[in-house]
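The values are calculated or read from the model by the stated rules, or taken from the named source; none is laboratory data. Here the structure is a predicted model, which means the values were calculated and not measured. Positions of Cβ are backbone-derived with ideal geometry, glycine not excepted, and every protein chain shown enters the neighbour counts.
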Amino acid sequence: MRQLLILMAGFVLSGFTHAELNLEPLKGKVVYLDFWASWCGPCRSSFPWMNSMQKKYEKDGLVVVAVNLDQEPELAEEFIAEMGPEFRIEYDSEGALAGKFGVSAMPTSYLIGRDGEIRVRHLGFHDKKRAAYEQEIQTLLGEE
């Protein structure tokens with residue numbers, strides 16, 4: 001799975017902001033990479049949780065990056081205004097990056113270790129699994 005992170009180095013998203021999503025500078029950090037859309041019900045539950053994880057573990061090296069897949073920017077912006085994310089948001093309206101990751105459900109998230117390798121993949125977000133998700137983050141933060 002290391003190949004996916006290498007593919008992302010310098011990968012330019014052609015979404016709303018034409019931002020460059022380059023996770024290479026985040027090597028050495030634990031990255032929670034989340035793909036979401038405004039119409040996704042479970043995403044409404046995941047955003048407050050990602051906010052709390054970012055706040056709680058940022059000092060330990062966690063970085064949350066959420067990639068929006070909406071094709072209509074105003075839908076994404078309304079969702080963002082309502083949910084108030086306190087983590088990095090990127091846009092992939094054409095689904096190019098999501099395609100490279102094989103995203104098949106909303107949300108889909110990847111937990112990337114300090115070594116740059118994808119260690120965990122989650123399809124959907126389940127409230128009853130919050131403690132397990134957090135434990136996975138703690139485990140990766142504890143690795144050198």
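Filter segment 112-130 down to the residues that are farther than 19 Å from R44 by Cα and of a type in the set (A, V, I, L, M), then identify the one that is surrounded by the most Cβ atoms within 10 Å (Cβ to Cβ).
Out of the qualifying residues, it is I112.
Determine, yes or no, whether Y133 is crowded, with 16+ Cβ neighbours inside 10 Å, over 12 Å from the mean Cα position of the chain (by Cα) and not in a loop (DSSP other than H, G, I, E, B).
Answer is yes for this residue.
I89 fails exactly one of the following numbered conditions: (1) surrounded by 13 or more Cβ atoms within 10 Å (Cβ to Cβ); (2) out of contact with any Cys (no Cβ under 9 Å at 6 or more places or on another chain); (3) in a helix (DSSP H, G or I); (4) among the hydrophobic types (A, V, I, L, M, F, W, C). What is the number of that condition?
(3)
Could you check segment 99-114 and list, in sequence order, the residues that are under 17 Å from E58 (Cβ atoms) and more than 12 Å from the chain's Cα centre (by Cα)?
Hits for segment 99-114 are G113, R114.
Starting from segment 60-86, keep only residues that are under 17 Å from S45 (Cα atoms) and surrounded by 15 or more Cβ atoms within 10 Å (Cβ to Cβ), then list their pairs with residues that are modelled with pLDDT under 95 and among the basic types (K, R) whose Cβ atoms are within a distance under 6 Å, requiring at least 6 positions of separation or different chains.
V65/R88
Considering only residues that are at pLDDT below 90, acidic (D, E) and within 14 Å of the chain's Cα centre (by Cα), which ones fall in segment 85-98?
The answer is E90, D92.
For residues that are of a type in the set (D, E, K, R), touching a Lys or Arg at 6+ places or on another chain (Cβ under 9 Å) and modelled with pLDDT under 95, tally how many sit in segment 101-144.
Number satisfying all stated conditions: 5.
When you look at P42, is it over 26 Å from D115 (Cβ atoms) and without any contact (Cβ under 8 Å) to a residue 40 or more places away in the chain, yes or no?
Taking the combined requirement at face value, the residue does not satisfy it.
Taking only segment 94-106 into account, find how many residues are surrounded by fewer than 17 Cβ atoms within 10 Å (Cβ to Cβ) and touching a residue at least 40 places away in the same chain (Cβ under 8 Å).
Qualifying residue count for the region: 3.
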